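Visitor: I have a structure I would like to understand better, so I am pasting it below and will then ask my questions one at a time.
The values are calculated or read from the model by the stated rules, or taken from the named source; none is laboratory data. As the structure is a computational prediction, the values presented were derived from the model and not from experiment. Cβ atoms come from the backbone with ideal geometry, glycine included; neighbour counts cover every protein chain shown. Just the protein is used for accessible areas: all its heavy atoms, side chains included, with ligands, DNA and RNA removed. Shrake-Rupley method; radii C 1.70, N 1.55, O 1.52, S 1.80 Å.
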Amino acid sequence: MKVVELFKRNLPPVKRGLNSAFLCGSCSVPGVMLHVMAALLPIIIWGVYLFGFRVLTVAAVSVAACVVSEALLTLLLYKKAKISDLTAVVTGLMLAMTLPAATPLWIPAVGGVIAIAVKQLSGGTGRNFLNPALFARTVIMLIFGRMMIYTAPFVKLPLFANVSDGLSAGTAMGMLNDGRFPTESVYELLSGKCAGNIGEISSILILLGGIFLLLRGIISYRIPVAFSLTVMALTYLFPRIDVDSSYAVYSILSGGVLFAAFFMATDHSTSPCMPLAQFAYGIGCGALTVLFRYSGLFYDGAYPAVLIMNELSRPLDLLFYRLFGPKKTAAKPKKAPVAVPADGVTETHAPGADNAADDTAVFEAVRDADTKTGETPEETDRDADTAETAVFEAVREEEASETPPEEDADEKAEEKHVDAVPEILPDEPDGENEPENDLMIKEEPDNG
Amino acid sequence: MAFTFTGGLDLLKGGRRPVGRIKTLLNPDYTVIHLSKNRGSSFEPCVNEGDPVAVYQRVGTEICPEGEIPVYSGVSGRLREILKNDKGLFYGAVIDTDGEERTAPVTGYDGALSELTPERIIGILKEKAVPCRGPLRFAFNKIGVLQKKSERFLLNMCESEPGVASRKALCLTDPDAVLNGAKILMRAVDIRKCEIVIEKNDKELLKVITDKIKRDRLFSIVKVKDKYPQDEEAYVTASVCGVIPADLRRPDRSKVAVFDAETAEAAFRAVAYGIPYCRRIVTVDTENVLCPIGTPISELLFSCGVSMEDCRCIIAGGPMRGVACRSADEPVDAATDAVTVIYHGDGRHIPEMTECTSCGKCVSVCPSRIMPFYTAELSRKRKYAKCAEYGAAACTECGCCDYVCPAYVPIKKLIRTAKQRLPGDAGD
């Protein structure tokens, strides 16, 4: 019996993704998004109680605009449409939360399109460096700022028609901006019986939603705590109007600080994940919020502050990783190498002093090849392994052309050892292009 | 208070599975010695094809960067074939079993332990090919690095991967061999105090070991928290001493000698009876089986009554660290602590991967404190030099990041690819 036949009892095919850990937790992207929606639900219900069903209309228009433009844009950009991961729905909801209930309905529609456009054009889900809802909200604030009509609670609003300017009422944030002291009591601001954007009015419900997300492990406490504490500390130390110490309490309860801290600044793709970087990010958000509020260009400084800190999240991560991460290991071989002539012709590849020069040469070649292939556009390696194998082929060709033949043989011998059972496997159509140690099983017609 | 390390996962919420009786499978149909998994190794046979082979008989030499290590047969039978790759390099052998269990003569050392010099112990361990987990691969190699440079000696009895119980089974069935082996290893690295690291919820094992070491002042027990991946050398050091060793090739830098229970047991058999390393306990699905090294996994499954038709996937190793087998006839080697079976219709189906959302969950669970998602992203773009900069070499491939990833990105696989292609060959 030939040895090859020994290994012919094939297994049923395994999906490629299985070759990482074989257990997985219960957490998934749609699951995370559902948690966020659940945390937003009480806020929406409170909004309906205060402003009537127009709140639902605004939310529906915003979500619909996001979902439709996500579908269309992914189609245009030749990406896989993933409506089912619910990120577009959450973006739409978030946007609606930052708008007043009485806003004309075309505003959430335009905002939704802007949000998804910026998300898809800056890299798509997970790679966007700007919070899409916040970006849309800031654009709306800058361009259509006069369309924001705030009405007092329990004023009857039409479901679809535009709201006349006559119904508008002052908000606590607006008064703070004008340098006046808000007329609402702290209790009214906490429970949310006041005018304002849908998501910002009830501080208690925002805190409840945030605590729910904290307990479920969706967000970490560091960003919201650092953010709100910084705002409180700065407004306490440098109050704009000299009343009493309650200015700090008012400035955190009015406007969007709490909502931005718990729901916007903790957005996964646009916030840092190193613990210390999260503190720094939160502090930065808080400081910029106070700065923007005092400089007075925007209605509320919290959103542009988070938007600006978004760009800093990845650099902050990397900075804190470099400062406090594990120290780089000096990758030196432990012993002098043992180059063993195995059958008189080739040498088994062992890194070290004897063939150190050769090694560096090979690695230089690999590095060169890497830098060259690194220039391939992201889109090609985004998707699939076909592109990956193609580039690996390119790397190998370059190695072959740049290294002398013996080293090439060395390199190949090494790859042999990397592969787990290469010699005895039955022929696989493209398995030989797979450079990893992973064992994957391709589908074959005759299983069993 | 129990010691622990930062990061990691609590995977043993359902409690530990009790270790039953250990099955023995000493006569599989054939065994395969297969050395091509070991980077830079080749095989030099000293027995011809067709010659009879006995248990504990030397069949050849593994020539590897660590030196020339003898290879022994775990079964008695006939050498069917020496495996050769298309370049003409030998990489293994196939031995057919005849079931007679002929044994080659072995002689152990029967003097006092105090008269054994460390050099002699290293010699015996090398001659009997006693392995250890980690990049150093062999116990003699690790002792050589650690000799006179370490200050603490830890005996690792943790078993934290769900569904794996081979180490616990070994410690429960033969605690004397493990403890005596630890004494031999302590003598070799010249430390007179051994701390046994056991997880605090492992009551059964704690009781047995506490009874055994009652009157022995050499040993003490360190309780650590139940957490995956506590059973790896790096995290044993991290839990007990508070430092993650930067490079497992240089355990002397952290001045801690960590040896697994398997190594201690094998060292005891090698020194006391002269038995070379050729058998180990493997957890197969729900049972523990003692089998010769080189037993095909299909034979193991057959002996435990697992039908091949029911398997969707067979994993050499536990469900977190293991690697899917391409074929059911892959042999068991020294590092195979378990064979995990995923049945058809099993709930452990991993959904399709989506885009990484940079949520940072992998960062919060990573026990080696690197940024897994970022390294994986760089690896996907094939920027391997940058991966090294962000600590890919520190990854121990525990799979915690994969477990928590909500987007099901195969982070471990991507980092492993990067490690294999690191400039400077820091990976293993």
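Visitor: Could you pull the accessible area for A:Leu316 with a 1.4 Å probe, rounded to 10 Å²?
Guide: The value for A:Leu316 is about 30 Å².
Visitor: I've got another one for you. May I ask you to list the residues of the range A:187-214 whose amide nitrogen lies under 16 Å from a point 7 Å from Cα along the Cα→beta-carbon direction of A:Ala152?
Guide: Once the point is set 7 Å along Cα→Cβ of A:Ala152, A:188-189, A:193-196 turn out to lie under 16 Å by backbone N, inside the range A:187-214.
Visitor: Continuing with the same structure: Which distance in nm do the two modelled labels at B:Asp310 and A:Ala60 give, with both placed 7 Å along the Cα-to-Cβ direction?
Guide: It works out to 5.2 nm between the two label points.
Visitor: Starting from the residue with the highest accessible area, list A:Leu130, B:Leu113 in decreasing order, probe 1.4 Å.
Guide: Largest accessible area first, the list is B:Leu113, A:Leu130.
Visitor: Among DSSP bridges having both ends in chain B, what percentage is antiparallel? Round to the nearest 5.
Guide: On the way: 40 of 63 bridges.
Roughly 65 percent of the beta bridges in chain B run antiparallel, per DSSP.
Visitor: At a 1.4 Å probe radius, carbon and sulfur cover how many percent of the accessible area of chain B?
Guide: C and S atoms contribute 49 percent here.
Visitor: Could you state how much accessible area is buried at the A-B interface, both sides summed, with a 1.4 Å probe, in Å² to the nearest 100?
Guide: Using a 1.4 Å probe on protein heavy atoms, the buried area is about 8900 Å².
Visitor: Can you sort A:Trp46, A:Trp106 by solvent-accessible area, 1.4 Å probe, largest first?
Guide: The residues order as A:Trp106, A:Trp46, largest area first.
Visitor: Run the 1.4 Å probe and let me know the accessible area of B:Lys383, rounded to the nearest 10 Å².
Guide: About 80 Å², rounded to the nearest 10.
Visitor: In addition: I'd like the accessible area for A:Phe263: 1.4 Å probe, protein heavy atoms, all chains in place, Å² to the nearest 10.
Guide: We get 10 Å² for A:Phe263.
Visitor: Restricting to DSSP loop positions (anything but H, G, I, E, B) with no more than 11 other Cβ atoms inside 10 Å of their own Cβ, which trypsin sites (Lys or Arg not before Pro) remain in the range B:139-171?
Guide: Those that pass, being in a loop and sparsely packed, are B:Lys148.
Visitor: Provide the percentage of antiparallel DSSP beta bridges, counting only those with both residues in the range B:16-104; round to the nearest 5.
Guide: Looking only at bridges with both residues in the range B:16-104, the antiparallel portion is about 95 percent.
Visitor: Which helices, counted as full DSSP H runs in chain B, have an axial Cα extent of no less than 18 Å and a Kyte-Doolittle average of -1.0 or above? Spell out each step's value before the answer.
Guide: Working: long enough: B:175-189 (21 Å, 0.69).
Taking the DSSP H segments of chain B (at least 18 Å long, mean hydropathy at least -1.0), we get B:175-189.
Visitor: Taking R0 as 35 Å, what's the FRET efficiency between B:Tyr343 and B:Lys214 from their Cβ-Cβ distance, rounded to 0.05?
Guide: 0.20
Visitor: Additional query: Whole number in Å², please: accessible area per residue of chain B, 1.4 Å probe, ligands, DNA and RNA not counted.
Guide: Numbers: 15420 Å² over 428 residues.
Averaged over the residues of chain B, the accessible area is 36 Å².
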